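Visitor: Structure provided below as structure tokens; questions to follow.
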């Protein structure tokens with residue numbers, strides 16, 4: 001790896017989704033042309049995104065619902081492919097991008113810990129080593145052998161965060177989900193994120209909480225109207241977002257909610 | 001930047017689709033994770049319940065019993081070879097693998113949607129994993145065939161050495177079919193019904209209940225029949241006990257079929273991966 005090469009590079013990235021269910025009819029077209037042409041029923045959450053992230057940077061992502069924040073994270077996690085441009089990621093990614101964390105509902109917490117850690121390439125010894133830590137952190141108690149699908153949303157997130165934050169991948173993606181946990185657990189998560197940042201973890205945080213964004217991120221990205229409206233110091237980005245939303249100094253708005 | 005992990009650290013995605021060789025190489029890089037997934041499948045199947053093994057052989061065993069009764073007790077058997085039960089099982093067990101393998105591989109991306117959506121591993125892995133774990137189930141069902149062979153005092157002949165070839169060919173065929181069908185199943189749900197019907201028809205046009213030699217007299221139809229890729233594979237399995245079953249022209253046709261279908265599968269999968277990831 002070349003020194004100082006950005007750990008994440010996005011070049012002119014765009015992605016396209018279908019708005020309705022007609023997409024099913026286009027399988028033949030996809031097979032023949034490899035892609036479908038732009039039609040009125042298709043839209044681009046964003047286009048022409050250029051982004052370079054250095055190792056150890058912490059990025060906060062803001063934007064309204066549907067602005068493409070989660071889509072951006074999924075592109076960086078490599079579980080979506082861009083329709084334009086290219087995404088290059090030069091290190092392993094630990095994604096916490098869905099509330100279920102990619103965990104299998106039928107399997108118990110214990111089996112999920114092994115499976116998800118294993119899918120991220122951890123060896124059995126490494127998993128055994130951090131197993132107790134994961135279980136303690138997630139406060140699973142007697143539910144270690146309970147199928148994941150029976151867990152409450154809060155418990156799911158606790159387990160998911162606990163596992164994903166211990167994958168020892170250089171890049172961590174966290175998408176809103178933490179809001180589901182209770183206050184005490186959130187506090188624990190934040191402490192854990194602090195620890196990771198101290199060790200040089202690259203972090204991508206999607207959040208509607210300005211407090212969290214300020215606490216963890218130095219740099220902000222603001223997605224709006226299919227493009228990157230702003231990319232700069234987190235304070236400026238939050239400010240611009242609030243100005244655009246008309247939520248500046250609005251104490252009722254959760255954008256200004258400061259946890260802790 | 002790679003680590004000691006069983007997977008590489010980074011990746012690049014763009015509008016260019018990576019070539020077939022590159023994709024196959026990536027699957028190979030993830031072999032340890034593949035082994036983990038297969039191991040988990042087997043654990044779920046065999047360690048989950050006391051009767052786990054029994055359930056996995058019950059279906060082919062019962063069906064073979066039914067066919068045996070129908071074709072030796074009710075009809076007068078004019079096809080296949082004696083002992084008919086050994087003939088039946090030597091084809092029925094791999095057919096069961098084919099059947100379960102196609103069904104589960106075709107559904108693979110939907111069954112594991114949660115994982116596919118959040119874990120960046122080569123997506124082909126989910127198909128290979130299903131083919132491999134149903135394949136291991138087939139291997140574990142072989143003692144049943146051995147038991148019937150011993151019970152009927154039917155000794156295998158030297159052609160049994162071709163069995164690994166049959167297994168390799170069937171693996172290639174199933175991966176090819178799985179790669180073709182699994183992305184289409186995500187985009188067009190109805191296809192699953194068609195697969196079920198096709199499999200049922202496939203059973204009767206493949207030499208499981210009868211021998212390829214019984215088809216020889218059909219002249220024209222026989223040429224078409226030989227291009228069924230499962231026909232050649234089944235003759236190899238049968239020939240372990242019945243040397244007169246071995247027809248190399250069938251095996252050649254079958255090998256061509258397997259390779260063509262695998263190539264098609266790799267092509268279709270690469271083309272449809274992008275929309276599939278958006279859909280699941």
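Values in this text are rule-based calculations from the coordinates and carry no lab data. Values in this document were obtained by computation on a predicted structure and should not be read as measured data. All Cβ positions, glycine included, derive from the backbone under ideal geometry; neighbour counts span all protein chains shown.
Visitor: On a full-extension model of 0.36 nm per residue, what is the gain between residue B:70 and residue B:193, subtracting their alpha-carbon distance, rounded to one decimal in nm?
Guide: Taking 0.36 nm per residue and subtracting the Cα distance, the gain is 41.5 nm.
Visitor: Next up: If one computes the Cα centroid of segment B:220-249 and of segment B:76-116, what distance in Å separates the two points?
Guide: Using only Cα atoms to place each centre, the spacing works out to 16 Å.
Visitor: Just to confirm the number: angle between the C-alpha axis of helix B:31-46 and the first principal axis of chain B, 0 to 90 degrees, nearest 10?
Guide: The angle comes out at about 50 degrees.
Visitor: Could you give the angle, 0 to 90 degrees to the nearest 10, between helix B:52-68's Cα long axis and the longest principal axis of the Cα atoms of chain B?
Guide: Around 40 degrees separate the two axes.
Visitor: If you restrict to DSSP beta bridges whose two residues both lie in chain A, what percentage is antiparallel, to the nearest 5? Mind dumping the intermediate values first?
Guide: On the way: 19 of 37 bridges.
So the antiparallel bridges in chain A amount to around 50 percent.
Visitor: Which semi-axes, in whole Å and largest first, does the equivalent ellipsoid of chain B have when worked out from the alpha carbon gyration tensor as the square roots of 5 times its eigenvalues?
Guide: Equivalent ellipsoid of chain B: 36, 21, 17 Å, largest first.
Visitor: Sort A:133-140, B:220-227 for me by packing, meaning the mean count of neighbouring Cβ atoms within 10 Å per residue, highest on top.
Guide: So the order, starting with the most tightly packed, is A:133-140, B:220-227.
Visitor: Then there is this: With a 10 Å radius around each residue's Cβ, average the other Cβ atoms per peptide and rank B:259-265, B:212-218, B:152-158, highest first.
Guide: Most protected by this proxy first, the peptides run B:259-265, B:212-218, B:152-158.
Visitor: Hey, another quick one. What is the mean number of Cβ atoms from other protein chains located within 10 Å of the Cβ atom of each residue in peptide B:270-277, rounded to a whole number?
Guide: Average neighbour count from other chains, rounded to a whole number: 5.
Visitor: How crowded by other chains is A:117-124, given as the mean number of beta carbons from other chains within 10 Å of each beta carbon?
Guide: Working: counts 1, 9, 12, 7, 13, 4, 4, 1.
Counting other chains' Cβ atoms within 10 Å and averaging over A:117-124 gives 6.
Visitor: Nearest 10 degrees, 0 to 90: what angle lies between the long axis of helix B:191-205 and the longest principal axis of chain B (Cα atoms)?
Guide: With both axes taken from Cα atoms, the answer is about 30 degrees.
Visitor: Write down the percent of antiparallel bridges among all DSSP beta bridges whose residues are both part of the protein assembly as shown, to the nearest 5.
Guide: Beta bridges within the protein assembly as shown, antiparallel portion: roughly 55 percent.
Visitor: Which value at 222 nm does chain B reach when only helices count, each DSSP H run of 4 or more adding -39,500 (n - 2.57), with the total divided by all residues and rounded to the nearest 500 deg cm²/dmol?
Guide: -23500 deg cm²/dmol
Visitor: Can you tell me which of B:22-32, A:62-72 comes out highest on packing, and rank the rest after it, using the mean Cβ neighbours within 10 Å?
Guide: Per-residue mean Cβ counts within 10 Å order the peptides as A:62-72, B:22-32.
Visitor: Give the Rg/Rh ratio for segment B:1-159, taking Rg as the radius of gyration of the Cα atoms and Rh as the Kirkwood radius, to two decimals. Working shown, then result.
Guide: Details: Rg = 20.6 Å, Rh = 18.6 Å.
When Rh is taken as the Kirkwood radius, the ratio is 1.11.
Visitor: Once segment B:64-108 is represented by equal point scatterers at the alpha-carbon sites, with solvent omitted, what log10 I(q)/I(0) does the Debye formula produce at q = 0.15, 0.22, 0.28, 0.33 Å⁻¹?
Guide: Computed log10 I(q)/I(0) values: -0.46, -0.72, -0.93, -1.12.
Visitor: Same structure, new question: Could you tell me what a quarter of the Cα convex hull surface of the protein assembly as shown works out to, in nm² with one decimal place?
Guide: Computing the convex hull of the Cα atoms and averaging its projections yields 28.4 nm².
Visitor: Among A:147, A:45, A:82, which one moves the most in a GNM of chain A with springs linking Cα atoms closer than 10 Å?
Guide: Comparing A:147, A:45, A:82 in a Gaussian network model of chain A, the most mobile one is A:147.
Visitor: Can you give the average number of partner chain beta-carbon atoms within 10 Å of each beta-carbon in peptide A:78-89, as a whole number?
Guide: If you average over the peptide's residues, the count of other-chain Cβ atoms is 6.
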